[in-house]
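Take a look at the structure set out below.
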Amino acid sequence: MKNLILNLFGKRAPGAAGAAFVGEAPAPETAFVAVGDIHGRDDLLVRMLERIEDEAAGLPIVFVGDYVDRGEASAAVLRRLKPMCDDGRAICLRGNHEEMMLDFARGKYPRWLAYGGLQTLASFGLGADITETGGTGLEAAHADLHDALEADGLLAWLSDLPRHWQSGNVAVTHAGADPARPIAEQSNSLTNGHPDFFSAPRPDGTWIVHGHYIRETHEIHPGRIAIDTGAYATGQLTAVVLAPDSPPRFLAT
């Protein structure tokens, strides 16, 4: 499994090193659930929502981003999540794959196609005449995706997704954070990662719950909790339940 993760996904996080984290145990103001990267696996999202209903009913749900690409049902995932956010049942954060998709819909970033974009286009019934390197239908695909997202009300929603959410001493982001800067002052580091995230502790004692870096199973290290378990390939979508005065509790499909 380790080799599968490293070879298939190509995102390897360095191990923890350097100074020790100084802070209290994770202590959100109220209990909540954070769900890891979905990547087009609507089937796993449905199963996870059922587990949450059974084991953590009524808690706010925070999704860490990367709802699209790689899996086969990105459009269905987005159409399921948006009403939950509209109704206040969930908070959806921005991931780097949402950013790539939006750039493509605006006529930029053709490399997105090689990062799972073809599967996302197919989930909207688009892109049959292009490949990972583009093709004669590339310009039309930009416009068609823009129109499909707009028709579903997804374009404005995705464009406005926040990059972080915080309760108490726990912050949720997609890809960690620059440990030297306040989280509210960051943007790119929250969606694409920062080289010091795994080697330098935060001086403010904030715990970061994150996805983006694929692990064989959930991981807890001082100051951070990783919940991306490569759902699109492994079939394991992971979530963590955090509550005041309670240890983290994990759910998986």
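The values are calculated or read from the model by the stated rules, or taken from the named source; none is laboratory data. Since this is a predicted model, take the numbers as computed values, not measurements. When we count neighbours, we look across all protein chains shown, and the Cβ atoms used for this are built from the backbone with ideal geometry, even at glycine. Just so you know, the surface numbers come from the protein's heavy atoms only, side chains and all, with ligands and any DNA or RNA stripped out. Shrake-Rupley method; radii C 1.70, N 1.55, O 1.52, S 1.80 Å.
Under the classification rounded if a/c is under 1.5, otherwise prolate if a/b is larger than b/c and oblate if not, where does segment 19-83 fall, given a ≥ b ≥ c as square roots of the Cα gyration tensor eigenvalues? Note, shape of segment 19-83 comes out oblate.
State in Å² the accessible area per residue of the chain; use a 1.4 Å probe, count heavy atoms of protein chains only, and round to the nearest integer.
Spelled out: the 1.4 Å probe surface of the chain, per residue, equals 43 Å².
Using the alpha-carbon atoms, what tilt in degrees (0 to 90, nearest 10) does helix 74-86 show relative to the longest principal axis of the chain? That works out to roughly 50 degrees. Computed in the context of the full set of protein chains, the accessible area of segment 25-108 at 1.4 Å probe radius has 45% of its extent on carbon or sulfur.
Rounded to the nearest 0.05, what FRET efficiency do Trp157 and Arg249 have when you use their Cβ-Cβ distance and R0 = 22 Å?
0.15
Accessible area ranking (1.4 Å probe, heavy atoms, ligands and nucleic acids excluded), largest first, for Cys92, Cys85: Cys85, Cys92. Taking a ≥ b ≥ c as the square roots of the Cα gyration tensor eigenvalues, the chain comes out prolate, since a/c reaches at least 1.5 and a/b is larger than b/c.
Express the relative contact order of the chain as a whole percentage, based on alpha carbon pairs under 8 Å and six or more residues apart in sequence.
It comes to 28 percent, rounded to a whole number.
Cα centroid distance between segment 187-253 and segment 115-156, in Å? Computed from Cα coordinates, the inter-centre distance equals 30 Å.
Surface calculation, 1.4 Å probe, protein heavy atoms: Val22 sits at approximately 110 Å² accessible. Counting 0.36 nm for each residue step from Arg89 to Asp54 and taking away their Cα separation leaves a gain of 11.1 nm. Structure remark: mean-square fluctuation, Gaussian network model of the chain, C-alpha springs under 10 Å; the largest value among Arg202, Arg215, Arg79 belongs to Arg79. Angle of helix 96-105 to the longest C-alpha principal axis of the chain, folded into 0 to 90 degrees and rounded to 10: 20°.
Farthest toward the positive end of the dipole of the chain, out of Gly116, Ser246, Met84, is the Cα of Ser246, where the dipole comes from beta carbon charges about the Cα centre. Under the simplified labelling scheme, the Asn192-Glu150 pair shows an inter-label distance of 2.7 nm, with each label point 7 Å from Cα along Cα→Cβ. Oblate is the label for segment 199-253, because a/c, from the alpha-carbon gyration tensor with a ≥ b ≥ c as root eigenvalues, is 1.5 or above and a/b does not exceed b/c. Between Gln236, Gln166, Gln186, the residue with the greatest mean-square fluctuation in the GNM of the chain (Cα pairs under 10 Å linked by springs) is Gln186. Here the peptides 47-56, 105-114 are ranked by packing, the mean other Cβ count within 10 Å, and the order with the highest first is 105-114, 47-56.
Here the chain carries DSSP beta bridges of which approximately 55% are antiparallel, counting only pairs with both residues inside.
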